[in-house]
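J.: One structure coming up, written as structure tokens, with questions to follow.
The values are calculated or read from the model by the stated rules, or taken from the named source; none is laboratory data. A quick note: this is a predicted structure, and the numbers were derived from the prediction, not measured. No Cβ is skipped: glycine too gets one built from the backbone with ideal geometry, and neighbour counts run over all protein chains shown.
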């Protein structure tokens, strides 16, 4: 396996980890729009 | 110079929607805050700081517009809680600036009286005195102040007149808690009687009623026949502009995407990383960002209609029609916004007073065909008609697709609204019809930049992550062979093969099933997955050329027994599936947040997926029975 394979797999693993951590942190409350939902409002969560 | 500022005083800005609250907030703080002319555009609290003329630092909080302190609407409850000091993180305000529209005193004074009754220091900002005077009102500010027992400042906030006077009124010591001169226990009737008397004294209208320009325009815009003609023309113009003007910048984005892909190819050798960057990141994020021009144009027109005062008329006109779906005119804006993207549509439901009506609107919003479905329609409709893209017949089919989605949404809303039962808290639809104004261009452009920026931010975070994960599902486990073999061997391809018996009764084979699976996080992925599954090298050609090549390939595609795969009936079945299926993970995330429960989001996803499947199945099997 070359460096590209490792790097791509690393990026995928890191992304999956970020999703899992965010889901675990937010629990059932949903990740929230974080002001990035497209609605244009800067919500105060 | 380095004088230590005293403790910060908190100033709460409150008022009916359209009273000009946010304009005053902007003038006081210089903040980049938007203001809307449609009821309840300001749905969240914004705060900013300024110094009074006496050097005292003040924090001003712009509360959501509200009609009454008894309101049950979510955004209006925030205002009430803030005024009562019940909002976490914000103490009781030191002073309340209640903004009232001088040209509509009878309605706006009701809220002002309720605020005064809270027992806080209050200043009334009598805004839009220019509009009131043009309408023939003779205002007596001193008399108003005397009768209400609070300072009253005459203002024309849009021209920054009265801002200095308001800042002067906010000097320390702040105004005393007012003494109330009306019967506070007499309820609505006592308030109404006091207001009528006060208006006789302080807002006289000498002579007969003078018809304003807004009255004359409304004679047309709200006419029972011409009103609808004006409305239809406005909506047609908006949609035509969105779909024609947006094509130019969309082309630029695609070209830029091609250039970046070419650059990556020149610096990164062939391999997984290059595939991830080009197919996963650039393809996924680019596929969403390409809709930015349409989103920007839609928000531009929404801003234009809000700012000019027409949006409130559109909601007023639509009230009767929306009532057929068990909804009020306030549901019009969210559903209309959902034509561009369900996410802002779902967010916009915050302006709806009734909790049940709000849930129903959130539930059906994804059936208003959003622009992300367009690439799928643009791929399938010309193939169905057997011609190149762009004929009027295709436009008719596209129109029919929108009608089918909208009508189903209305019927479902009606059924769901009936199922949820009558409103327990009472839904009072009050829609302000503000005077027509010249659009505030700076507001419109701020509004567009904010919303466009938020859309790009979403593409850069959530969509980026999802694109990477989807790429992984479509790549691993790896295999030798061409792209189509690799996809078939991947987790996604295996899932597609697994569900082939499930999608076959809809007229689709495993390849189409795989493409549908890949598009469950975002619909627009369908086209690129189909290109991979049917071995079309999108290479360096434009999106339109790629679609044409893919269409040729689909026209030749066959079942193993030699029957054509994409028969007209199978294509209609596919279109039906895409009209109804909720294939947008970000929408589900926002629905969960807005409805306050993942149950609604999951329920909506399951219901819409099952409905799409059953509708598609019915159409395909019924069509076969008829011999198609």
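J.: Checking residue B:69 against (1) surrounded by 22 or more Cβ atoms within 10 Å (Cβ to Cβ); (2) in contact with a helix residue (DSSP H, G or I) (Cβ under 6 Å, 6 or more places away or on another chain); (3) closer than 19 Å to residue B:195 by Cβ, which single condition isn't satisfied?
T.: (1)
J.: Any residue at all in the stretch B:547-560 that is modelled with pLDDT under 85, within 14 Å of chain A (Cβ to nearest Cβ) and in a helix (DSSP H, G or I)?
T.: Within the stretch B:547-560 (the criterion being modelled with pLDDT under 85, within 14 Å of chain A (Cβ to nearest Cβ) and in a helix (DSSP H, G or I)), the answer is no, since none of the residues qualifies.
J.: Please return the ranges of helices (runs of 4 or more DSSP H) entirely within the stretch B:221-310 where 2 or more residues are modelled with pLDDT under 85, touching a strand residue (DSSP E or B) at 6+ places or on another chain (Cβ under 8 Å) and within 14 Å of chain A (Cβ to nearest Cβ).
T.: Ranges flagged: B:283-289.
J.: Still on this structure, I have one more. If residue B:319 passes every condition in (1) more than 13 Å from the chain's Cα centre (by Cα); (2) under 21 Å from residue B:241 (Cβ atoms) but one, which one does it miss?
T.: (2)
J.: Looking at residue B:205, is it touching a helix residue (DSSP H, G or I) at 6+ places or on another chain (Cβ under 7 Å) and modelled with pLDDT under 85?
T.: no
J.: Looking at B:81, B:146, which is the one that is surrounded by fewer than 19 Cβ atoms within 10 Å (Cβ to Cβ), without any contact (Cβ under 8 Å) to a residue 12 or more places away in the chain and in contact with a helix residue (DSSP H, G or I) (Cβ under 9 Å, 6 or more places away or on another chain)?
T.: Matching residue, one of B:81, B:146: B:146.
J.: Could you please find all residues in the stretch B:615-628 being free of Cβ contacts under 8 Å to residues at least 12 places away in the same chain and either surrounded by 22 or more Cβ atoms within 10 Å (Cβ to Cβ) or closer than 22 Å to residue B:555 by Cβ (or both)?
T.: B:627
J.: Would you point out which residue out of B:184, B:216, B:196, B:171 is part of a helix (DSSP H, G or I) and either over 34 Å from the mean Cα position of the chain (by Cα) or at pLDDT below 80 (or both)?
T.: B:196
Conditions tested, residue by residue: (1) more than 7 Å from every other protein chain (Cβ to nearest Cβ); (2) at pLDDT 50 or above; (3) over 16 Å from the mean Cα position of the chain (by Cα).
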{"residue": "A:3", "(1), (2), (3)": "yes, yes, yes"}
{"residue": "A:7", "(1), (2), (3)": "no, yes, yes"}
{"residue": "A:28", "(1), (2), (3)": "no, no, no"}
{"residue": "A:35", "(1), (2), (3)": "no, no, no"}
{"residue": "A:45", "(1), (2), (3)": "yes, no, yes"}
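J.: Is one or more of the residues making up the stretch B:543-564 touching a helix residue (DSSP H, G or I) at 6+ places or on another chain (Cβ under 9 Å) and more than 30 Å from residue B:257 (Cβ to Cβ)?
T.: yes
J.: Is it the case, given these coordinates, that residue B:577 is under 30 Å from residue B:279 (Cβ atoms) and part of a loop (DSSP other than H, G, I, E, B)?
T.: So residue B:577 fails the test.
J.: Then there is this: Select from the stretch B:152-168 the residues that are assigned to a loop (DSSP other than H, G, I, E, B) and in contact with a helix residue (DSSP H, G or I) (Cβ under 6 Å, 6 or more places away or on another chain) and list them in ascending order.
T.: Listed by number, the list holds a single entry, B:160.
J.: Restricting attention to the stretch B:493-507, report how many residues are more than 10 Å from residue B:620 (Cα to Cα) and touching a helix residue (DSSP H, G or I) at 6+ places or on another chain (Cβ under 7 Å).
T.: 7
J.: If residue B:628 passes every condition in (1) closer than 30 Å to residue B:412 by Cα; (2) assigned to a helix (DSSP H, G or I) but one, which one does it miss?
T.: (2)
J.: So if I check each of B:363, B:378, which one is buried (at least 21 other Cβ atoms within 10 Å of the Cβ) and either modelled with pLDDT of 80 or more or out of contact with any helix residue (DSSP H, G or I) (no Cβ under 6 Å at 6 or more places or on another chain) (or both)?
T.: B:363
J.: On to the next question. Name the residue that is farthest from the other protein chains (Cβ to nearest Cβ), counting only residues in the stretch B:576-614 that are crowded, with 19+ Cβ neighbours inside 10 Å and within 20 Å of residue B:500 (Cβ to Cβ).
T.: B:576
J.: Surrounded by 22 or more Cβ atoms within 10 Å (Cβ to Cβ) and assigned to a helix (DSSP H, G or I): is that true of residue B:488 in this structure?
T.: no
J.: Taking interchain pairs and intrachain pairs at least six residues apart, which have beta carbon atoms under 8 angstrom, with the first residue in the stretch B:455-482 and closer than 16 Å to residue B:496 by Cα and facing chain A (nearest Cβ under 9 Å) and the second modelled with pLDDT under 80 and part of a helix (DSSP H, G or I)?
T.: Listed pairs, sorted by first residue: B:471/B:284.
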